[in-house]
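All remarks here apply to the structure that follows.
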Amino acid sequence: MRFNLCLSVAVVLAAAAGAAPASAKTVVVTAAHMIDVLGGKRVDDAQIVIVDGRITTVGKRGDAIPAGAERIDLGNRTVLPGLIDMHVHLTSDPTLSGYRGLEFTDSYWTVIGVANARKTLDAGFTTVRNVGSSGYADVGIKQGIERGEIPGPRIVPATYALGVTGGHCDATEFPPSITVPAPQIANSPEGFRAAVRTIRKYGAQVVKVCMTGGVLSKTDSVGAQQLSYEEIKAIVDEAHMLGMRVAVHAHGTEGINVALRAGVDTIEHASLADATSFKLAKEHGAWFDMDIYDDDYILGEGAKNGVFQESLDKERAIGLKQRQTFRAAHAAGVKMLFGTDAGVYPNGNNALQFAKMVEWGMTPMEAIQSATSSAAQALDRTADVGAIAAGRYGDLIAVDGDPLADIRTLERPSFVMKGGTVVRGGSAG
């Protein structure tokens, strides 16, 4: 008994002194360059010490390191924080659009999600916000990843995206004789409060709402408002009371502005936002999360993938306007996030959007920050992800070249690490 008591005291004293347990896994990563997203600069000869999956120190190559540490030298590469995509659909496959998806059983989409989780992680995205998935599949994939059963990024799940009867989140492609289960549909403030409570009960960590029509829904107008102020305000109040953020799919101006007045946290797409939208977003601290690469893929590949003609027509009408809005919102000082709507184009190709963000007004550093430090802030996870800094997870990527000079290097990461464990690439010494 006395020995056990002394041992317990020794462990407590060691922890208080900041000593790592004897069994702690220590990894030291060195690289010629590092992108400091918090300082907004590139630093040279970086050395990062990771103990049990979290960064303990960030210094210079050659600084003293713990004895027995595993060493990974990335040579002349540039190391960055693991990337964050704030708008993905892991359980979607854009090559099975329109009615083609009806050839597959419901559980098939979870299989697709497992495959896409691996592709997304391999592409350097170590955290994603999955904003819409049927059958709570994103929660199941998240649990599988966290238990080490399958590889994938850290997932912030929304489960079902909430909407109204006949709206963008409803199944509008069938005749009245076909009934589709719709646990995500409500038509009153009280109904939406109950829906928020239900999805939280089953694992949602963020609430996704379809506030206006959309491109890929068959019958609605892309910009038409679909929820009343009272309905979206009930969702916001309920979610915030439960400690959850609210992401709102909104293309049309009035729907965007009503949602912002209700206090939502992020506007997804924001295609027809105007000067009033920018003012409201800045007043309320909301973020715009704009998927400005999608237009290229939808119009280039959509027809052969089975996308409805109505959807192609809507994309032709709104794609360029969204990019122009992106430029105007950025110039107006609206806070911007990196969100791709991956699943509308193939998961794993998420980084293709960086070049579009730079083309339409961002600096390379701003684009990188939108997928790292800004995203972590919008997720309320600045203690865990989004920067190479002490206390955060050892989520790192490395690229050949300088992403501040050529943002497209982010499309080809040669090294990916999640939680101090190498996913691919690198050389240990």
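The values are calculated or read from the model by the stated rules, or taken from the named source; none is laboratory data. Source: prediction; values computed, not measured. Cβ sites come from the backbone with ideal geometry, for glycine too, and all protein chains shown count toward neighbours. Side chains are part of the model used for accessible areas, which takes the heavy atoms of the whole protein and leaves out ligands, DNA and RNA. Shrake-Rupley method; radii C 1.70, N 1.55, O 1.52, S 1.80 Å.
Which residues, counting only those in segment 74-93, are open to solvent by 10 Å² or more (accessible area, probe 1.4 Å) and closer than 22 Å to Gly152 by Cα? If the condition is that a residue be open to solvent by 10 Å² or more (accessible area, probe 1.4 Å) and closer than 22 Å to Gly152 by Cα, then His89, Thr91, Ser92, Asp93 are the ones that fit.
Annotation note: of Val358, Val422, the sole residue that is out of contact with any Phe, Trp or Tyr (no Cβ under 8 Å at 6 or more places or on another chain) and open to solvent by 30 Å² or more (accessible area, probe 1.4 Å) is Val358.
Just checking, does segment 84-98 include any residue being over 30 Å from Ile298 (Cβ atoms) and not aliphatic (A, V, I, L, M)? No, the conditions are met nowhere in segment 84-98. The set of residues from segment 321-343 being crowded, with 22+ Cβ neighbours inside 10 Å and either assigned to a loop (DSSP other than H, G, I, E, B) or among the basic types (Lys, Arg) (or both) comprises Val334, Phe338, Gly339, Thr340, Asp341, Gly343.
Against the test of being touching an Asp or Glu at 6+ places or on another chain (Cβ under 8 Å), basic (Lys, Arg) and either open to solvent by 30 Å² or more (accessible area, probe 1.4 Å) or without any contact (Cβ under 8 Å) to a residue 60 or more places away in the chain (or both), the options Arg200, Arg193, Arg147 yield a single qualifying residue, Arg193.
Against the test of being open to solvent by less than 10 Å² (accessible area, probe 1.4 Å), touching a Pro at 6+ places or on another chain (Cβ under 7 Å), of a type outside the set (Val, Ile, Thr) and modelled with pLDDT of 95 or more, the options Ala158, Ala117 yield a single qualifying residue, Ala117.
For segment 136-151, filtered to residues that are in contact with a Ser or Thr (Cβ under 7 Å, 6 or more places away or on another chain) and small (Gly, Ala, Ser), the residue that is nearest to Ser188 (Cα to Cα) is Ala137.
The requirement of being open to solvent by 50 Å² or more (accessible area, probe 1.4 Å) and in contact with a helix residue (DSSP H, G or I) (Cβ under 9 Å, 6 or more places away or on another chain) is satisfied by Asp406. Filtering segment 350-358 for residues that are more than 23 Å from Val131 (Cα to Cα), in contact (Cβ under 8 Å) with a residue 60 or more places away in the chain and out of contact with any helix residue (DSSP H, G or I) (no Cβ under 6 Å at 6 or more places or on another chain) leaves an empty set.
If you filter segment 179-214 down to residues that are at pLDDT below 95 and β-branched (Val, Ile, Thr), you find that the one that is farthest from Glu146 (Cα to Cα) is Thr179. Within segment 45-52, not a single residue is polar (S, T, N, Q) and in contact (Cβ under 8 Å) with a residue 60 or more places away in the chain. On inspection, Gly135 fails the criterion of being surrounded by fewer than 24 Cβ atoms within 10 Å (Cβ to Cβ) and either at negative phi or free of Cβ contacts under 8 Å to residues at least 24 places away in the same chain (or both).
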